[in-house]
Amino acid sequence: MDSQDMPAVVKKLRSLAITGHNARITPDRVLDTERQNILISAINNLLSTSNAILTFAQIIDDLPTSDVGFDRRSCHMADDHPLDSHKDICPGSLAKARELCLQWKPENIAFSPSLLLAFQHSLPGTKTFETRLVELVAVSIHQFGALLYQLDFRLHKGDIDAVVIYKSPLPDWYTGPVIHDPLPPTTFYHGLYGEDDIYPEGAADMVGYWAEDRILGGVGITRRINQLRDEQQRAVVDFLLRSEKEGYAKKKQQQLESEQGLDTAVPLPTLVDDMNRVRFNPKVSITGRGIYRDIWERKPATSSEIHHAARRPKDEVDYPEIIGDLVHAQLVLGQPMSEDLLKQVAAGRSAVTDEGLIKRVGDELKR
């Protein structure tokens with residue numbers, strides 16, 4: 001797609017976003033009582049964690065703490081950024097977050113009818129049922145985060161707008177062209193979800209996506225979309241399905257009133273590492289792979305952006321499979337390898353799956 005086509009595409013995606021947003025309905029319109037209770041329990045399980053409370057407290061404060069803000073560091077946030085001095089949330093934010101988590105009624109959340117129908121028509125224990133449950137919970141977290149941002153509590157004692165619009169000055173030695181890259185409208189944003197000109201709730205939806213990532217995880221620091229391993233998916237689902245019979249949901253108020261939550265038993269946020277081998281380029285994940293929750297969540301890449309992405313240097317963080325490519329090439333060519341690289345392969349920490357190559361690596365280590 002050429003860049004001159006983007007305005008028409010944005011207009012179309014914005015229309016789809018508004019239409020989908022207006023079509024949302026509450027769970028009781030579709031789900032039976034059993035599935036409603038499962039969904040409400042799963043949402044409450046997540047709201048009882050200290051990480052969820054801290055995430056929402058930062059939205060109420062209206063600024064992330066410096067460690068959280070720099071965790072999603074971008075070209076807009078350098079070392080001299082004023083957010084660097086915001087080490088802790090301001091008084092009252094945490095208490096307000098606990099209060100609102102207790103008061104929030106998950107049954108009043110509106111969802112896409114197709115998502116609710118998919119959950120209703122799936123059988124408990126099946127992959128479809130569990131996948132849709134996780135998706136419904138993610139949407140719930142998104143909506144709560146967006147709502148808190150729209151309520152505009154601004155408990156931070158300071159000039160929030162000055163932090164949001166801050167731009168690092170250019171160094172004295174720089175004489176090149178000045179690129180006026182637009183600043184995000186909020187400091188709560190994830191690099192893959194910044195289309196506030198498309199989202200039905202604008203910047204609030206950016207905050208919602210940010211909250212999803214902070215609480216659920218699954219994205220990590222890589223530039224590619226990662227699929228969770230089977231054991232990671234299982235841990236998340238088992239956590240969400242913990243029921244009142246286990247005394248879990250009944251302890252919600254007690255856990256919310258403490259700052260520790262149930263973190264010793266919480267597998268969230270899920271973080272990725274080099275063992276998460278199934279990865280996709282976000283630039284083409286929607287149009288090329290059909291990977292998305294909402295088709296309007298990200299603009300399609302232009303031809304020049306795709307070309308640029310293809311030419312980017314590949315490192316081990318984003319492309320752990322390059323270790324396998326390197327090992328394969330060196331073994332085939334008979335070139336020596338470092339002991340560290342050999343140990344990575346032998347320990348299964350690379351994308352090498354060929355048993356013959358792995359055996360040869362083992363033989364190399366025995367020498």
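Just a few scattered comments:
- Any hit, segment 108-115, residues being farther than 30 Å from Asp230 by Cα, of a type in the set (Gly, Ala, Ser), in contact (Cβ under 8 Å) with a residue 12 or more places away in the chain and outside any helix (DSSP H, G or I): no
- Checking Ser48, Ser85, Ser15 one by one, the residue that is out of contact with any helix residue (DSSP H, G or I) (no Cβ under 8 Å at 6 or more places or on another chain), hydroxyl-bearing (Ser, Thr, Tyr) and farther than 17 Å from Tyr209 by Cα is Ser15 and no other.
- Candidates His142, His190, His156 - the one that is in contact (Cβ under 8 Å) with a residue 24 or more places away in the chain, closer than 21 Å to Met206 by Cα and over 22 Å from the mean Cα position of the chain (by Cα): His156
- With respect to the stated conditions, Ala118 is within 13 Å of Leu31 (Cα to Cα), small (Gly, Ala, Ser) and either in a helix (DSSP H, G or I) or modelled with pLDDT of 95 or more (or both).
- Long-range neighbours under 7 Å by Cβ, at least six apart or interchain, first residue assigned by TED's automatic domain parsing to the domain that holds Lys283 and without any contact (Cβ under 8 Å) to a residue 24 or more places away in the chain within segment 1-24, second among the polar types (S, T, N, Q) and surrounded by fewer than 12 Cβ atoms within 10 Å (Cβ to Cβ): none
The values are calculated or read from the model by the stated rules, or taken from the named source; none is laboratory data. Computed from a prediction, not measured in an experiment: that's the story for all the values here. FYI the Cβ positions are ideal-geometry reconstructions off the backbone, even for glycines, and counts take in every protein chain you see.
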